[in-house]
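What follows is a short report on a single structure.
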Amino acid sequence: MHRAATIYNAGVDAPNVSTARRRYAERLVAALRPARNLAGVAAVTQAAGAEVDQIVTILEQRARDEAGATLACRAGCHYCCTMRVTASVAEVVALADHLRRTWSSQDLEALRRSIEAYDRDVRENDPHLMSIYPRLCPLNAEGLCRVYAHRPLACRSFQSLDAEACRRRFIEREMVPVPQVTAIPAMSGTVASGLQDAAEYVRAGPRVVHFAPALGEALKPGRIKDWQQGLDVFGPYYLVSLPDHVGGR
Ligand code: SF4
């Protein structure tokens, strides 16, 4: 096994990380109560994304210094974008609101159509959504994530020390392990858990949802307003979170 794959908690600001879950839960609850405030939700999810990026940067450096290991992730490499992606409701709402404000109506409609086609295809082939299905995420275009700066925490924290292992695992569907710096998803998960705790606490939706179809729902006219008014918009997209080695993120 790659030595870097066994690095845990290596030198990261441990007190900061250990309180992250509570910090993000409290911040998001404040943005959701008494009214569901979109600007507040966006601010919390952006801060969460920046914190996860920082965790990745610090641990990548540690893996390099202590084990001579380098992450294989590069722009254009998108083997892992065939994995099913889970996200918190806050991440989905913040991204949908951002897209509605910044994309043209034609581009939004095209994205909604490709998400619907993706969802149909995935459900026909894997009705219980328990495995990875080799269908590229509808947010990916020509190998690049179209929402990179706003991508889910799960996407930010997935990394690999071996791109060939990713190709075999995610494209060829061979049951080979993908070596990782395991502390990265472990620590990033504390941030994600805070967002999930808050959604559960204020009954804003399930803890985690299937990212792309939930985003498609949020992009339908009026659905973010419905969610702000307390309707159960994301219940049908609830998804059990799977560990990376099973094929989810
Ligand atoms: S959101 Fe972006 S990074 Fe995540 S799976 Fe989709 S294309 Fe890949």
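Looking at (1) within 20 Å of the chain's Cα centre (by Cα); (2) in a loop (DSSP other than H, G, I, E, B), which one does Met175 not meet, given that it meets all the others?
Here Met175 clears every test but (1).
Select from the range 123-153 the residues that are surrounded by 16 or more Cβ atoms within 10 Å (Cβ to Cβ), part of a loop (DSSP other than H, G, I, E, B), modelled with pLDDT of 70 or more and more than 8 Å from the ligand (Cβ to nearest atom) and list them in ascending order.
Within the range 123-153, just Arg135 meets the criteria.
Among the residues of the range 29-46, write down those that are surrounded by 15 or more Cβ atoms within 10 Å (Cβ to Cβ), closer than 17 Å to Ala96 by Cα and not charged (D, E, K, R).
Here is the first cut: in the range 29-46, the ones surrounded by 15 or more Cβ atoms within 10 Å (Cβ to Cβ) are 29, 31-32, 36-38, 40-45.
Adding the requirement that they be closer than 17 Å to Ala96 by Cα leaves 31-32, 36-38, 40-45.
Correct list: Ala31, Leu32, Asn37, Leu38, Gly40, Val41, Ala42, Ala43, Val44, Thr45.
Check Pro236 against each of (1) under 21 Å from Leu32 (Cβ atoms); (2) at pLDDT below 95; (3) touching a strand residue (DSSP E or B) at 6+ places or on another chain (Cβ under 7 Å) and name the one condition it does not meet.
(3)
Could you figure out which of (1) on the phi > 0 side of the Ramachandran plot; (2) within 12 Å of the ligand (Cβ to nearest atom) isn't true of Gly68?
It fails just one condition, (2).
Consider only pairs whose beta carbons are under 7 Å apart and that are at least six residues apart or on different chains; among these, list those whose first residue lies in the range 143-167 and is within 16 Å of Ser188 (Cβ to Cβ) and whose second residue is of a type in the set (Asp, Glu) and at pLDDT 95 or above.
Final answer for the pair search is Pro152/Glu91; Leu153/Glu91; Arg156/Asp53.
The values are calculated or read from the model by the stated rules, or taken from the named source; none is laboratory data. Quick caveat, the model's predicted, so the values are computed rather than measured. Because the Cβ atoms are built from the backbone with ideal geometry, glycine has one as well, and the counts that use them run over all protein chains shown.
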